[in-house]
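Only one structure is covered here, and it is reproduced in the block below.
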Amino acid sequence: MNKKFIASAITLCLLMQTLPLHAGSNWIDKLFKRQPQEVVEEEHYDIYALEVEENLAIPELSRREREVALKIQAAEAQRLAQVDGMEVELIRNNEVIHITIAASLLFAPNETTVLDSAEDILHSLLPCLQVNDYYHILLIMHSDNTGNTEYLYKLTTDRVFAIYDWLEDHGAHTDFIVPYAAAGFEPIEENNSISGRAANRRLEIYLIPAEAMFR
């Protein structure tokens, strides 16, 4: 073995013995020009414990993520807008897709079984749900104010879970779907007319970009 190499190794070992452990470690780091990498843990939220407004505010997107999301969301919103029965808009600076569907297209009056005729509408959502955690999806079922609060909560609860079950039964990933029952507490029209009550009976869907979109 090369004597110069052996001498250099011995010198290095002796030098290390004269330094405190932390100093020796820093010296080695500098010798090889390696600095310890700071570990940043990504913050995860329990989306099932959050209110609608809280879920709509997260996640905050980096500049690169936002560039990706804007392109995908614009194309997806354009596709969904072609579906009969869907009202589609982009919100949160065009990062989130908001869909509104009249309850009459999904359920018979006062019923909680999904209509066969609703399948064309619901099938159009399946491409959005083929990759787990590609979207966080909020399902919010609303009613008009006809009936007592307990009845309306039960009606909207049963209906929103009927939609959830339909999606799951048709192959959708449902791990990141959050169902909400709003009863009649969030009207968009006055409930003093037939047309107003019909507008208030609706399903709202929010498609929020999630981690898998950016991988």
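The values are calculated or read from the model by the stated rules, or taken from the named source; none is laboratory data. These numbers were taken from a predicted model, which means no experiment stands behind them. Positions of Cβ are backbone-derived with ideal geometry, glycine not excepted, and every protein chain shown enters the neighbour counts. Remember, those area values only see protein heavy atoms, side chains included, never the ligands or the DNA or RNA. Shrake-Rupley method; radii C 1.70, N 1.55, O 1.52, S 1.80 Å.
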May I ask you to give the percent of accessible area on the stretch 88-193 that is carbon plus sulfur, with a probe radius of 1.4 Å? 49
Assuming 0.36 nm per residue, please report the length gained on full extension of the stretch PHE214 to ASN94 beyond their Cα-Cα distance. 41.6 nm
I'd like to check one number: the per residue accessible area of the stretch 64-183, probe 1.4 Å, reported in Å² as a whole number. 49
From the Cα gyration tensor of the stretch 73-215, with a ≥ b ≥ c the square roots of its eigenvalues, which class applies: rounded if a/c is under 1.5, or else prolate if a/b is larger than b/c, or else oblate? prolate
With the crude spin-label approximation of a point 7 Å out along Cα→Cβ, what separation in nm comes out for SER195 versus ALA108? 2.8
Using θ = phi - 60° and the Karplus relation 6.51 cos²θ - 1.76 cosθ + 1.60, list the HN-Hα couplings for the stretch 45-54 in order, rounded to whole Hz, with x at every Gly or Pro. 10, 8, 5, 6, 9, 9, 6, 4, 4, 5
Electrostatic dipole magnitude of the stretch 83-145 [Cβ: Lys, Arg +1; Asp, Glu -1; Cα centre; debye, to 20]: 200
Would you work out if the stretch 44-117 is rounded, prolate or oblate? Take a ≥ b ≥ c from the square roots of the eigenvalues of the alpha-carbon gyration tensor; rounded if a/c is under 1.5, else prolate when a/b is larger than b/c, oblate otherwise. oblate
